[in-house]
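The structure under discussion appears below in the form of structure tokens.
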Amino acid sequence: MNNRILHAGIGSHAIYSHRNKEVIEMRMTIIDPFRNWDPFVEMQRTMEQFLGPNRPAYPPVELVDQTDKTIIYAVLPGIDKDTIELTILGDNLTIAGEKKLPAEGINYIRNERPHGKFRRQIALPYSVKQENVSASYKDGILTIGLPKAEEEKPRNITVE
Amino acid sequence: MADVNTEKRIVPPVDIYEASNEVFLIADMPGVKKEDLYLNIENDELTISGKFDGPAEDGKKLISECIYGNYFRTFTLSETIDQSKVSAKLENGVLTVTLPKLEKAKPKRITIEAA
């Protein structure tokens, strides 16, 4: 959802909440630029101008750190598992793929599910033993197990 | 921190489109297992709900962006839907509900007879 539209909505909300004769009056009041001025919204708007639309990264992930491995869960419903591309380069893991529309060339009554190509790079907190990386896809959740390289594992040092 | 997101109500995003003989409703419900999914039609309303507890793993969460909780959404069915023939399928976290139209609502081609 575009945040710009949301912000526009904050100012004009009064119009929609009053479905009576007061509508015209309300319309007049929102012309006052400081009436509904919210410093937080203003700050967000300024941030947006610098950083572009505030779009969350896709897919959303969970990264769980365990003693000997790191597990990443990516929420990716409805993807053909053979089209998911996983790449590890250095300390970065890239998840890429495409989520297709259920049908092309038709009119949707609702079209809310995200679709299109995606690519996300995740900085791994540890070096990974690349040959032992595993991945599975179930119920729309992609689970990636990343065993830590030997030198990253915690070690007990015995005091002599 | 970990408990903030639990038991949250999630509105699953849907695609709805119409074919000549049926209406398709597709909902993203990642993490829901077949046994945790409920579909119900009552008073011309279709309710879909399901539970996603999140991965049960011990460890420290370094990134936590996923929302766990109960999916819930209700749709009003039009009178052209044959409620007795509704079917559903859950695959890779995506629910597809097929809503067949009643015979009278299906498009019919009318043949023109030669005079």
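Which order, highest average first, do B:29-39, B:92-102, B:59-69 follow once you tally other Cβ atoms within 10 Å for each residue and take the mean per peptide? Please report the intermediate quantities before stating the final value.
Values: B:29-39: 18.0, B:92-102: 19.6, B:59-69: 15.6.
Highest-to-lowest ranking by the protection proxy: B:92-102, B:29-39, B:59-69.
Once the other residues with Cβ under 12 Å from the Cβ of B:THR76 are scored (Lys, Arg +1; Asp, Glu -1), what is the net sum? Don't skip to the end; give the middle numbers.
Numbers: positive: B:ARG73; negative: B:GLU42, B:ASP44, B:GLU45, B:GLU79.
It works out to a net charge of -3.
How many partner chain Cβ atoms sit within 10 Å of a residue's Cβ in peptide B:65-74, on average, as a whole number?
On the way: counts 10, 8, 2, 2, 0, 0, 0, 0, 0, 0.
For this peptide, the per-residue mean of nearby foreign Cβ atoms is 2.
Peptide B:18-26: average number of partner chain Cβ atoms within 10 Å per residue? Before the final figure, lay out the partial values.
Details: counts 4, 2, 0, 0, 0, 1, 5, 2, 10.
That works out to 3 on average.
Would you mind checking the pairs A:LYS117/A:LYS148; A:LYS69/A:LYS153; B:LYS8/B:LYS51 and listing those with alpha carbons more than 20 angstrom apart?
Among A:LYS117/A:LYS148; A:LYS69/A:LYS153; B:LYS8/B:LYS51, the Cα-Cα distance tops 20 Å for A:LYS117/A:LYS148.
Past 27 Å, Cα to Cα, is the threshold; run A:LYS81/B:LYS101; A:LYS99/B:LYS89; A:LYS138/B:LYS101 against it and keep the listed order.
Numbers: A:LYS81/B:LYS101 33 Å; A:LYS99/B:LYS89 19 Å; A:LYS138/B:LYS101 32 Å.
The pairs that break the limit, which is 27 Å between Cα atoms, are A:LYS81/B:LYS101; A:LYS138/B:LYS101.
Distance between the C-alpha centers of the range B:91-115 and the range B:19-50? Whole Å please.
Centre-to-centre distance over Cα atoms comes out at 19 Å.
Where Rh denotes the Kirkwood radius from the mean inverse Cα pair distance, what is Rg over Rh for the range B:40-114? Walk me through the numbers on the way to the answer.
On the way: Rg = 20.2 Å, Rh = 16.2 Å.
Ratio of gyration radius to Kirkwood radius for the range B:40-114: 1.25.
Can you pull the mean other chain C-beta count within 10 Å for peptide B:48-58?
Details: counts 0, 0, 0, 0, 4, 0, 4, 6, 0, 7, 3.
Per-residue shielding by partner chains comes out at 2.
Each reported figure results from applying straightforward, stated rules to the coordinates on display, with no laboratory input. Quick caveat: nothing in here was measured; it's all calculated off a predicted structure. As a convention, Cβ positions derive from the backbone with ideal geometry for all residues, glycine included, and neighbour counts pool all protein chains shown.
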